[in-house]
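Below is one structure, written out as structure tokens; the observations come after it.
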Amino acid sequence: MDHRELVRVLQEHFGGSQISGRDVITFPSGPHYRLRLRVEEGRIRSVLTGPDFDPAEFEQLQQLVRTRLIDSPGETVARVVLFSSLPVSGWLSMPEVGLQICPVQGSAPRPPVIYADNPFILEFRLSRGGDNFITNQRCTRLAIEWGRVLNAVLRTSIKVVTPRQSSHWGYDSDGDVSKWLPELYFLPDFQQYNDDFSSPDGAPLTLVSHDEYYKSDVRPGADRDELILPDSLPSLLAAFIRLAAPQRRQFLRAATWIDTAARMWDINTSSWFTSLVSAIETFVEADQQDRCPKCESVLGVTRAFIELVERYSPDSDARMRRVIYNYRSKLSHGELLLQIDEAPWAFGAGFSVQEHEASDHLVRVVRDVMVNWLLRFQAIDQRN
């Protein structure tokens, strides 16, 4: 259970909450609280009663949590719209992980260009909550998590619209007018929940071998401008599902940095670069006691970073590993901006040769690390 579901239920019951310190939440807010939760590393570590707690309330709380969060009315299949940087023209059913990728139907809005936010539908199994709010919250959480995982392991960008929506000025060429619009995609008569997965009624998505997909210089499908997937995708997602809670959270944290990088590309490419390096650093283990007095970052992490990349991206260039981390260090400490950020008006200038080389290499390395880290845990799981 996601601890945030429990926090939400307790907030409603007690009429509010207050964060006390780094990891403590009290219910309700103020010194006369009745319940205190300690949350560490995404998990509830303790639940303690406060000075104003009424013991007669305990059974009521138990029943409330059981009814809304534990005793599920059953499973449903959730359906959400995600976006691929390439058109999705086929289906992929993955019953071993409870997922299905579906194309949107013929009348659905589509972008007028190939490389864009191309809509598709992701279906996944979901344990319903005791009310619609909990069910919808679970649906949103899983949609974001699955979107980020797919984006992290695929060579095609996958995007999910989060609840933190933004609005932008846009130009409507048909009406010859500028409009202030939210980032939103609407499908009329879209059914968010079904009893079962949709029945495929078209061609399947093209699959290629794992090695062809991840090791070829040119992304598979580039010649056809459509989404093509590795045949190992179901097993990669199954490896993610079987991760223990700490490793699952670690992988999702790295995947979130990759998602952040994609969103930063058009805003600040230097932040795109450091976000991708942060994704790799999520898996780095270094001496936490040895810290930089300037920025308090862990020292020795350069060596640990290079060793991790050597392990999970063994075909990467040894020189470029150091170049990448050198750029990361200078960007993070404010000593440098990539040329495309320093002079965004200089169209055509773009990256320097070395910046382009480092950026291109970084994209390959981060994908290698994400995929091979999962494969390592898959191998451990199979041995056990």
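The values are calculated or read from the model by the stated rules, or taken from the named source; none is laboratory data. Predicted, not measured: the structure shown is a model, and the values here were computed from it. For neighbour counting, all protein chains shown are included, and Cβ atoms are generated from backbone atoms with ideal geometry for every residue, glycine included.
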Can you pull out every residue in region 189-198 that is loosely packed, with under 10 Cβ neighbours inside 10 Å and either within 27 Å of the chain's Cα centre (by Cα) or at pLDDT 95 or above (or both)? GLN191, ASP195
In region 227-241, which residue that is touching a strand residue (DSSP E or B) at 6+ places or on another chain (Cβ under 9 Å) and of a type in the set (A, V, I, L, M, F, W, C) is farthest from LEU205 (Cα to Cα)? ALA238
Only one of these is touching a residue at least 12 places away in the same chain (Cβ under 8 Å) and out of contact with any Asp or Glu (no Cβ under 9 Å at 6 or more places or on another chain): PRO51, PRO87. Name it. PRO51
Close pairs (8 angstrom Cβ cut-off, 6 or more residues apart or separate chains): surrounded by fewer than 19 Cβ atoms within 10 Å (Cβ to Cβ) in region 297-324, at pLDDT below 90 and among the acidic types (Asp, Glu) anywhere: VAL298/ASP287; VAL298/ASP290; LEU299/ASP287; LEU299/ASP290; GLY300/ASP287; GLY300/ASP290; ALA304/GLU285
Just to be sure, is SER235 surrounded by fewer than 18 Cβ atoms within 10 Å (Cβ to Cβ), of a type in the set (Ser, Thr, Tyr) and part of a loop (DSSP other than H, G, I, E, B)? no
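Would you be able to say whether some residue in region 247-268 is among the acidic types (Asp, Glu) and crowded, with 20+ Cβ neighbours inside 10 Å?
yes
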Which of the residues spanning region 243-269 are at pLDDT 95 or above and over 17 Å from the mean Cα position of the chain (by Cα)? none
Do we find that ASP259 is of a type in the set (D, E, K, R), in contact with a helix residue (DSSP H, G or I) (Cβ under 7 Å, 6 or more places away or on another chain), under 21 Å from VAL88 (Cα atoms) and assigned by TED's automatic domain parsing to the domain that holds ILE324 in this structure? yes
Name the pairs whose Cβ atoms lie under 8 Å apart, with the first residue in region 141-153 and more than 18 Å from ARG4 (Cβ to Cβ), the second outside any helix (DSSP H, G or I) and polar (S, T, N, Q), and 6 or more positions between them or separate chains? ASN151/SER157
Given the criteria under 20 Å from the mean Cα position of the chain (by Cα) and in contact (Cβ under 8 Å) with a residue 12 or more places away in the chain, does LEU92 qualify? no
Flagged in region 9-62 as buried (at least 16 other Cβ atoms within 10 Å of the Cβ), of a type in the set (Lys, Arg) and touching a helix residue (DSSP H, G or I) at 6+ places or on another chain (Cβ under 7 Å), in numbering order, are ARG34
Which ranges mark the strands (runs of 3 or more DSSP E) fully within region 112-214 that have 1 or more residues being aliphatic (A, V, I, L, M)? 118-127, 177-182, 206-208
How many of the residues in region 93-134 are surrounded by 19 or more Cβ atoms within 10 Å (Cβ to Cβ), farther than 30 Å from ARG4 by Cβ and either in contact with a Leu (Cβ under 8 Å, 6 or more places away or on another chain) or among the acidic types (Asp, Glu) (or both)? 1
Among (1) in contact with a strand residue (DSSP E or B) (Cβ under 8 Å, 6 or more places away or on another chain); (2) hydroxyl-bearing (Ser, Thr, Tyr); (3) modelled with pLDDT of 95 or more, the one test that SER278 misses: (1)
Taking only region 212-256 into account, find how many residues are assigned by TED's automatic domain parsing to the domain that holds ILE101 and touching a Gly at 6+ places or on another chain (Cβ under 6 Å). 1
Tell me yes or no: at least one residue of region 164-179 is crowded, with 19+ Cβ neighbours inside 10 Å, hydroxyl-bearing (Ser, Thr, Tyr) and out of contact with any strand residue (DSSP E or B) (no Cβ under 6 Å at 6 or more places or on another chain). no
Kindly indicate whether TRP146 is at pLDDT 90 or above, within 18 Å of PHE197 (Cα to Cα) and of a type outside the set (Val, Ile, Thr). yes
Quick one: is ARG66 more than 30 Å from ASP225 (Cα to Cα), without any contact (Cβ under 8 Å) to a residue 12 or more places away in the chain and either touching a Phe, Trp or Tyr at 6+ places or on another chain (Cβ under 8 Å) or not in a strand (DSSP E or B) (or both)? yes
